[in-house]
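Every number in this text was worked out from the coordinates using simple rules, so none of it is lab data. These figures come from a predicted structure and were not determined experimentally. All Cβ positions, glycine included, derive from the backbone under ideal geometry; neighbour counts span all protein chains shown.
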Amino acid sequence: METIVFPTFFHINDYDERGYALLASHVATSYPLVLWAPSGILLEKCWRSGICPISPEQFLKFVEVGYIHIIARDWWFDKAERNRQSENGWYGLRWLDGFDNALNQIRLEREIASPFECSVRIVPPQKGPKWAKEYVDEKGQPIIERVADLIRQKKVPEGVLQKTLRALTKEGERAAVEMVLRDLKNHVEAKNDAQAKVFFLSQNDADFFRLIEAEGSIPVTEDIVISADMGRAIETLVERLQNPEHVHDLQGFVGRPLHRELASWFGQAVDAAHMFLPVDYSQKLQDQLFADAARGKLSRRLTQALRQKTLFSARKIRAEQLITLFAKEIMDRDNTLGISSISVETVDIGSGFSRDLELVPPEDEQPFWTCLEESAAASSPQ
């Protein structure tokens, strides 16, 4: 029986066509990838236009075997309600016969299945509107001014930007701010309902959290160093660099031991976030990599980085940066899976907004939370 290795969460529709262009890389690095209410209409459009390499049929197969999970509200599985809402809203809500029927059938058949097999499920009603109103009531004018200013600068999350700009003009600051906070709370609840380890976020959306948390930031402790277990994991990756795997396509990769291994390494990178390599350990890795490069066992790209001293140039090398770099070198040197733009990033908790949202449990003393971030230059997989 399959087990959950590294569950991630992606609110795919928020990024429109770009979200579907990134679907392959997110599937490749997750085990499983949990999606919020994906649009069959938009998936089919993106596949036919070459934006997304995954067809609706292949998508359904990934859901059937559990490498993609789907969560949504109960109304999302109601054809009549979906079509009714789409008439005055987003066209991607429309029900796609054959696709949405199949997903609903999987949901009905697996309500009592194992966590990995229960790949389509309903989540509880939204908490966002009530929470947002109470939060603004409690925090008052400072939070209204702060978020309203970010809306005007177009620095709020992409999925809510246009509607909040309209609300700002027609309904005023408070209504627009509550709209931002409502969506954020709903997204966090969805990620928690998905039992995912991390979000996939665009660089812009991750920056929003950094901006709103910037007040009174807590510095990351400088003496966090790599653990013995993580050290062994990195050394295993260095050994694997000598025997890279050649991935031909996504379909031949997903579900194979290599897929599980890649997801596991990204999971370890998330666990290692802000763990620094001790100087003596960093030197040991450099010596090993230079020896491998001299024997011609490393890629030209990695060898060049070593010779130009860009790989270990920082005073403190972060463990998760090396893990993700080495995983890409082993699995995806040609960027077949499209994972070259994914990095493990952290958001420092300053004002405590992330704790208020329950992105981070209130009792968690860690001064940051982790996400998988897509660079702004991300392109669709080839």
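Segment Arg110..Ala80, full-extension length gain: 8.5 nm, with 0.36 nm per residue of separation and the alpha-carbon distance subtracted. A simple spin-label model places pseudo-atoms 7 Å from Cα toward Cβ; at Glu363 and Ile4 they are separated by 2.0 nm.
Between region 95-126 and region 329-372, how many Å separate their Cα centres? A separation of 28 Å, based on Cα centres.
Stokes-Einstein diffusion for region 306-377, with the hydrodynamic radius set to the Kirkwood value over Cα pairs and evaluated at 20 °C in a medium of 1.002 mPa s, equals 147 µm²/s.
Once the C-beta distance of Ala228 and Asn335 is scaled by a Förster radius of 30 Å, the resulting FRET efficiency is 0.40 to the nearest 0.05. Highest mean packing comes first when the peptides 174-182, 188-196, 274-282 are listed by Cβ atoms within 10 Å, giving 174-182, 188-196, 274-282. Here the residues Ile106, Ile122, ranked from fewest to most Cβ neighbours within 10 Å of their Cβ, fall in the order Ile122, Ile106.
In units of the compact-protein estimate 2.2 N^0.38 Å, region 193-296 shows a Cα radius of gyration of 1.38.
If each residue of separation counts as 0.36 nm, what is the full-extension length gain between Asn101 and Glu239 once their alpha-carbon separation is subtracted?
Answer, rounded to one decimal: 45.0 nm.
Bridging of Lys61 to lysines at a Cα separation below 26 Å is possible for Lys45, Lys79, Lys191, Lys197, Lys328, once same-chain residues fewer than 8 apart are set aside. Per residue of the chain, what 222 nm ellipticity follows from adding -39500 (n - 2.57) for every DSSP H run with n ≥ 4, rounded to the nearest 500? So the calculated ellipticity at 222 nm is -15000 deg cm²/dmol.
In plain terms, the bigger the Kirkwood radius, the slower the diffusion; for the chain, with that radius from Cα pairs, at 4 °C and 1.567 mPa s, Stokes-Einstein puts D at 58 µm²/s.
Could you calculate the contour length gain from Glu87 to Gln126, that is, 0.36 nm times the residue separation minus the distance between their Cα atoms, to one decimal place in nm?
Working: separation 39, 0.36 × 39 = 14.04 nm, distance 2.19 nm.
Between Glu87 and Gln126, full extension yields 11.9 nm more.
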